[in-house]
Amino acid sequence: MPNKTAFTLSCVLFDLDGTLVDSAPDLLASLQKTLNGYGLPMADETHVRPYISYGAEAMLKACLPPTVTPDQRLTLLDTLLGHYEANIAQHTALFSGMANTLATIESLGLPWGVVTNKRERFTLPLMDALQLSHRAACIISGDTAAKPKPFAEPMLEASKRAGVHPSECVYIGDAQHDIAAGKNANMRTLVALYGYLNATDKPETWGADALIATPEQLTRWIKTILCH
C-alpha cells in the first residue's frame, strides 16, 4: 500500500470503459444486434451493463440462456466483437465532465494515460476516434503486457511509458480488478462510482484510497493532492 504520508502525484491513469469513456451504448447495441441475428432473446440492458467492465464474454454470459453451448457462445462472441469493431465509436463519448478533467490535468502539467483490459484491436481505434491518442502519455491494452489486470504488469508498463515512477501514479477504475492492479503496482487508487458497478459490488471494501462520484470530484481530488 502506498505511503499515506508522502505522495507525489506525477501521472493520472484511467481505466477506459466505465471510467474515462461511456462505451455502453455501442457495446450494448452490438450485443443486441448479435442476439437478434441468432434469434435469441434480447438482453436486459440494465442487467448486462455492470458486466461491461469485465469484457464482451462476460456480457454474453450474463444474458445467454443455459441452452447455448460453448461452441455457440464462441460464435456469438466472434460476431459480437465484429459488430463492435465496425461500430466502435458511434455513440461512445467521454463521461460528462471528463473533458474538463482531462483539460485540467493537462493544464497542471501532469501526463495522463489509459490502462484497460480491452484488446489493442479495439482500444487504439477507439482512442483515435475520440481524438485522445495524441494526448495520452501511454495507452496500455489487455494484450500489451504479459498479463492483464489485476496483475501489476500493465500498470508498470504504463508508468514506464509515461516516464514516471509507479508510486507517483494514481489509477482510477470502476471494477475491483482495477483497484487490485493499481495496488499491486504500488499506485494510489480511486473507484469511479459513476461507472459500470453492479448493485452487489461493495467498492468501499476494495481498499481504494477514495471513492469518486463524478469526474468533477476527481479534479478536486487531484488539486487537493497537488496542494499538499
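Return yes when residue 25 is farther than 23 Å from residue 149 by Cα, touching a residue at least 12 places away in the same chain (Cβ under 8 Å) and surrounded by fewer than 16 Cβ atoms within 10 Å (Cβ to Cβ) and no when it is not.
Yes.
Within segment 89-103, can you find the residues that are more than 15 Å from the chain's Cα centre (by Cα) and of a type in the set (A, V, I, L, M)? Steps first, please.
First, pick out the residues of segment 89-103 that are more than 15 Å from the chain's Cα centre (by Cα): 89-91, 96-97, 99-103.
Residues satisfying the conditions are 89, 99, 102, 103.
For (1) part of a loop (DSSP other than H, G, I, E, B); (2) crowded, with 16+ Cβ neighbours inside 10 Å, each residue gets a yes or a no:
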{"site": "125", "(1), (2)": "no, no"}
{"site": "135", "(1), (2)": "yes, no"}
{"site": "155", "(1), (2)": "no, yes"}
{"site": "180", "(1), (2)": "no, yes"}
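Among the numbered conditions (1) surrounded by 19 or more Cβ atoms within 10 Å (Cβ to Cβ); (2) out of contact with any Phe, Trp or Tyr (no Cβ under 9 Å at 6 or more places or on another chain); (3) in a loop (DSSP other than H, G, I, E, B); (4) not basic (Lys, Arg), tell me where residue 19 comes up short.
The failed condition is (2).
Condition check: in contact with a Phe, Trp or Tyr (Cβ under 7 Å, 6 or more places away or on another chain) and either in the same structural domain as residue 135 (by TED's automatic domain parsing) or of a type in the set (A, V, I, L, M, F, W, C) (or both). Does residue 42 satisfy that?
Criteria not met by residue 42.
Pairs under 6 Å by beta carbon, first residue under 16 Å from residue 131 (Cα atoms) in segment 82-107, partner assigned to a loop (DSSP other than H, G, I, E, B), six or more apart or different chains?
92/23
Which condition number in (1) of a type in the set (Gly, Ala, Ser); (2) surrounded by fewer than 17 Cβ atoms within 10 Å (Cβ to Cβ); (3) at negative phi is the one that residue 163 fails?
(3)
The values are calculated or read from the model by the stated rules, or taken from the named source; none is laboratory data. Quick caveat, the model's predicted, so the values are computed rather than measured. Positions of Cβ are backbone-derived with ideal geometry, glycine not excepted, and every protein chain shown enters the neighbour counts.
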